[in-house]
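Below you'll find the structure, written out as structure tokens, and then a few comments.
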Amino acid sequence: MMLYLTTFPYQDSSCIMGKREVQIHFLTLPVLFFSVMEERKSTEETPRNNALAQRRSKSYRQSMRSCVEATHLTYTSGLLTALRIPRSRKAPKSCDITKQVDPDQVALLVKKEWQLSYVTPLYQFRHTQLKSYSKQLSAFMVSEKQQGLAIEVGQELGFKVNFSVVLGLAETDKDAETVFIQILSKQVFSAKDAAPKVVWSGWLTCVNGDLDYLRSLPLEFVSLPLFCTRGPESLTVLVKTWFEKTFDCCFGPLGINSTNLQWLASLWTGCHPTINIQYLKLVWTLPTLPPMDVTYTVHPQDAWELWDSMRQVDTTEDSISIDEVTGFIKGLQSHFFRHFRIDLSAGSLMQISTALGSSHHSGKIKIASPNYIPTILQLLTECALLKMPI
Amino acid sequence: MDDSTKHILQRLMRRIPSQMLQTMLGKWAHLSREDLHSLDFTQPKWVLTEHLLALCEENGLRVKHITELEMIYIIENPNQGMWHGFQLLDAEEDAPSIELTQFKEQFKANLTELISHVSIKIKKHTDEAIWIRVAWGDNFTKPYHLKPTYVVHHLQTPYVFVTGLTSKYKPLLNQTEFCHTGLSSGHKIWLYEGRSPQWTEPHRHQRPSDEAVPTDPNIEKEQAENTENRLQMACEAFGDGTLPQLQKAVYKLETKFRDNSNKTLTGREEPFRGVVEFASTNLLESLRHCVSSGMASTPVTPLLSSITQKGRNYFVITDKGV
């Protein structure tokens with residue numbers, strides 16, 4: 001900080017200050033400039049029902065202020081935006097996830113439907129403090145209940161919270177380890193020594209997050225942008241409130257837009273040779289009065305042959321491009337059009353599902369097969385990072 | 001009156017809304033006028049129920065009388081459950097129509113042959129429909145009256161509507177003969193699923209009615225002719241005015257994939273298999289809007305207009321046709 005001292009002699013009688021006053025001005029110049037990180041703009045199509053709270057948490061804002069001030073939000077190079085949203089992905093390889101992750105923990109994640117949210121980086125979150133967090137969260141829940149804020153059926157005797165780490169999901173060394181949270185409670189009328197039941201579970205994860213972004217985060221922040229929850233909404237709200245208070249972060253709903261649903265449909269269809277997807281179901285909603293749902297269930301082998309015909313010869317086995325994905329969906333739409341003369345792109349793709357998993361536009365995901373978890377989580381981590389306000 | 005009968009009456013009383021009670025009981029005609037007058041309909045329902053129970057005991061009313069009351073209520077208010085409509089095939093045009101009493105006997109005889117403990121009630125409502133109530137039991141237990149099946153057959157039409165039929169008893173009902181006008185119920189096509197046991201053929205008007213919207217002479221609609229054409233085709237295909245409430249239509253596609261941009265798949269011999277399901281709270285309304293707003297290209301494909309023309313909502317589409 002540099003100080004400038006100036007003195008202004010006031011001798012005008014009309015002036016308020018009659019005598020000599022010394023006014024001291026402080027000018028602050030940020031001495032340190034963080035290297036300009038790649039501008040983060042969530043400029044993919046703005047989701048239609050976007051009710052993003054643009055509030056940024058205070059400490060995050062202060063740390064990022066220098067960077068943000070140095071660059072302008074109005075500076076949007078089309079090239080930069082194109083780099084952000086991937087135009088190609090690696091083809092999912094079936095991997096035995098149980099080699100990396102404890103099978104019991106894998107069982108906690110699969111075959112259940114999760115509601116997705118994004119969360120901004122957590123300030124001073126420590127993986128070593130999980131036991132303390134468990135106690136803090138359960139104390140918070142009890143106090144909220146006593147205040148009458150928890151809108152839960154008052155049958156539970158008390159909540160027990162369990163924070164644990166799921167090792168092995170992180171792909172790069174910049175990914176933070178996944179944290180799994182369970183809320184257990186005992187029912188009032190259960191037997192004395194009955195084990196408490198899990199009433200809510202959730203997990204925070206980051207799989208193959210954007211390396212440039214993760215490297216640019218200050219050291220005190222841990223980024224686990226994808227938050228999956230399952231259980232009563234009132235408990236979800238409680239957990240989010242505690243996180244927001246403790247780690248100065250900000251949650252928001254994460255939907256899965258039509259493009260990502262198409263990616264998921266293609267990725268899963270591509271797995272058919274290795275594991276039978278049994279069916280490919282796509283649901284569109286058309287904006288008629290009253291609204292109409294069109295469900296198109298395709299035979300798996302036929303779907304796979306259509307997908308295979310889209311795979312261009314010159315691309316490598318490993319990567320899939322967005323053109324192939326859109327071509328695949330367009331093929332299905334045109335076959336539909338040939339019969340019904342209804343253009344499905346007048347509506348929106350709401351849900352896709354196969355035996356490997358299902359996904360809904362409102363931000364629900366269900367992974368049925370553990371072999372493709374990393375690919376799906378990587379896609380979802382990316383969605384979460386893109387959706388976050390800077 | 002035994003406990004189960006009381007229970008049936010209590011459940012029924014809970015179902016019937018208070019404002020309809022008086023008319024229902026009046027129509028029922030099993031209570032004398034004095035008894036009916038003695039019921040105070042301003043009291044809370046549970047008090048009324050107790051009073052009614054006492055009256056029924058006095059009059060020695062039994063289950064079959066209670067079920068009559070239920071039937072009256074359902075006939076007046078059919079829009080409660082889900083009705084599944086069927087179209088009976090093999091209608092023989094010159095089959096002699098039989099007397100209602102004969103039909104009743106035959107139906108009862110047929111059904112009791114298949115399952116010994118059933119309770120059947122057949123009633124003719126005005127001149128248009130026959131209502132049948134079936135309470136199912138099995139070889140060892142008495143009929144269970146709390147989950148009856150109702151069947152409505154509209155005379156002069158090949159349509160039959162059923163509600164409350166579980167898959168357990170479906171084959172039994174299928175086997176009984178709908179001998180009236182010689183229709184065989186063995187060949188049924190699932191026609192429709194909706195809230196009311198009626199299928200009205202949507203009207204086909206040549207021109208939709210002009211809207212009474214005052215048009216400013218200075219406003220000229222660019223696409224007026226196209227919009228008009230689309231609306232006309234939509235109404236021709238699906239009907240005008242209020243449409244019957246259809247909820248679902250299912251198409252099983254077994255046609256070959258043919259897309260000029262995709263050379264690989266177009267040459268395939270095997271069909272591109274899939275199932276398409278359209279669902280909406282009022283499907284015909286949605287489809288009509290789809291056509292009139294331009295989401296569907298005109299002329300309307302015969303696949304969609306078949307729903308109303310053929311009166312069906314399940315189709316298998318092959319390369320040879322519907």
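The values are calculated or read from the model by the stated rules, or taken from the named source; none is laboratory data. On a predicted model such as this, the values are computed, not experimentally measured, just so you know. We place every Cβ from the backbone using ideal geometry, glycine too, and count neighbours over all the protein chains shown. Please note that ligands, DNA and RNA were not included when accessible areas were found on the heavy atoms of the full protein model with its side chains. Shrake-Rupley method; radii C 1.70, N 1.55, O 1.52, S 1.80 Å.
If a residue has to be open to solvent by 50 Å² or more (accessible area, probe 1.4 Å) and either at the interface with another protein chain (Cβ under 7 Å from one of its Cβ atoms) or touching a residue at least 24 places away in the same chain (Cβ under 8 Å) (or both) to count, how many in the stretch B:259-270 make the cut? So that I can check it myself, show each step before the final result.
Restricting attention to the stretch B:259-270, the residues satisfying the condition of being open to solvent by 50 Å² or more (accessible area, probe 1.4 Å) are B:260-261, B:263-264, B:267, B:269-270.
Still in the running and either at the interface with another protein chain (Cβ under 7 Å from one of its Cβ atoms) or touching a residue at least 24 places away in the same chain (Cβ under 8 Å) (or both): B:264.
Of the residues in the stretch B:259-270, 1 are open to solvent by 50 Å² or more (accessible area, probe 1.4 Å) and either at the interface with another protein chain (Cβ under 7 Å from one of its Cβ atoms) or touching a residue at least 24 places away in the same chain (Cβ under 8 Å) (or both).
Only one of the listed residues (A:T269, A:T236, A:T295) is touching a helix residue (DSSP H, G or I) at 6+ places or on another chain (Cβ under 8 Å), open to solvent by less than 40 Å² (accessible area, probe 1.4 Å) and modelled with pLDDT of 90 or more. That residue is A:T269.
Comparison of A:H339, A:H335 shows that the only residue that is buried (at least 20 other Cβ atoms within 10 Å of the Cβ) and not in a loop (DSSP other than H, G, I, E, B) is A:H335. Of the residues in the stretch A:349-368, not one is at pLDDT below 90 and not in a strand (DSSP E or B).
Report, by residue number, each residue of the stretch B:276-322 that is without any contact (Cβ under 8 Å) to a residue 60 or more places away in the chain, open to solvent by 40 Å² or more (accessible area, probe 1.4 Å) and in contact with a strand residue (DSSP E or B) (Cβ under 6 Å, 6 or more places away or on another chain). B:E277, B:V322, listed by residue number. When restricted to residues that are crowded, with 17+ Cβ neighbours inside 10 Å and in a loop (DSSP other than H, G, I, E, B), the stretch B:41-76 contains 1.
Which residue is surrounded by the fewest Cβ atoms within 10 Å (Cβ to Cβ), if the candidates are limited to the stretch B:91-105 and must be modelled with pLDDT of 75 or more and under 24 Å from the mean Cα position of the chain (by Cα)? Full working, then the answer.
The first filter runs over the stretch B:91-105 and keeps only residues modelled with pLDDT of 75 or more, leaving B:101-105.
Then keep just the ones that are under 24 Å from the mean Cα position of the chain (by Cα); that gives B:103-104.
Values: B:F103: 20, B:K104: 18.
Here the residue is B:K104.
Taking the stretch B:239-254 as the search range and keeping residues that are more than 11 Å from chain A (Cβ to nearest Cβ) and in contact (Cβ under 8 Å) with a residue 12 or more places away in the chain, which one is surrounded by the most Cβ atoms within 10 Å (Cβ to Cβ)? Spell out how you get there, then give the answer.
Initial filter on the stretch B:239-254 (more than 11 Å from chain A (Cβ to nearest Cβ)): B:239-244, B:246.
Restricting the remaining residues to those that are in contact (Cβ under 8 Å) with a residue 12 or more places away in the chain gives B:239-241, B:243-244, B:246.
Working: B:G239: 20, B:D240: 18, B:G241: 10, B:L243: 19, B:P244: 20, B:L246: 25.
Top of the filtered list is B:L246.
The set of residues from the stretch A:274-293 being over 28 Å from the mean Cα position of the chain (by Cα) and part of a strand (DSSP E or B) comprises just one member, A:M292. So which residues in the stretch A:328-362 are within 12 Å of another protein chain (Cβ to nearest Cβ), of a type in the set (G, A, S) and in contact with a Leu (Cβ under 9 Å, 6 or more places away or on another chain), if there are any at all? Once the filter is applied, which keeps residues that are within 12 Å of another protein chain (Cβ to nearest Cβ), of a type in the set (G, A, S) and in contact with a Leu (Cβ under 9 Å, 6 or more places away or on another chain), the stretch A:328-362 yields A:G331, A:A346, A:G347. For B:R273, the criteria (1) open to solvent by 40 Å² or more (accessible area, probe 1.4 Å); (2) more than 7 Å from every other protein chain (Cβ to nearest Cβ) hold in every case but one, which is (2).
Could you please let me know if A:L289 is at pLDDT below 90, closer than 30 Å to B:T281 by Cβ and either buried (at least 19 other Cβ atoms within 10 Å of the Cβ) or out of contact with any strand residue (DSSP E or B) (no Cβ under 9 Å at 6 or more places or on another chain) (or both)? Talk me through it step by step, then tell me what you get.
Numbers: at pLDDT below 90: yes; closer than 30 Å to B:T281 by Cβ: yes; either buried (at least 19 other Cβ atoms within 10 Å of the Cβ) or out of contact with any strand residue (DSSP E or B) (no Cβ under 9 Å at 6 or more places or on another chain) (or both): yes.
Taking the combined requirement at face value, the residue satisfies it.
Just one of the listed residues (B:E222, B:E228) is modelled with pLDDT of 80 or more and over 19 Å from A:I342 (Cβ atoms), namely B:E228. Among the residues making up the stretch B:276-295, those that are at the interface with chain A (Cβ under 8 Å from one of its Cβ atoms) and assigned to a helix (DSSP H, G or I) are B:L283, B:E285, B:S286, B:L287, B:H289, B:C290, B:S293. Given the condition in contact with a Phe, Trp or Tyr (Cβ under 7 Å, 6 or more places away or on another chain), at pLDDT 70 or above and not charged (D, E, K, R), answer yes or no: does some residue in the stretch A:81-90 qualify? Taking every residue of the stretch A:81-90 in turn, none turns out to be in contact with a Phe, Trp or Tyr (Cβ under 7 Å, 6 or more places away or on another chain), at pLDDT 70 or above and not charged (D, E, K, R).
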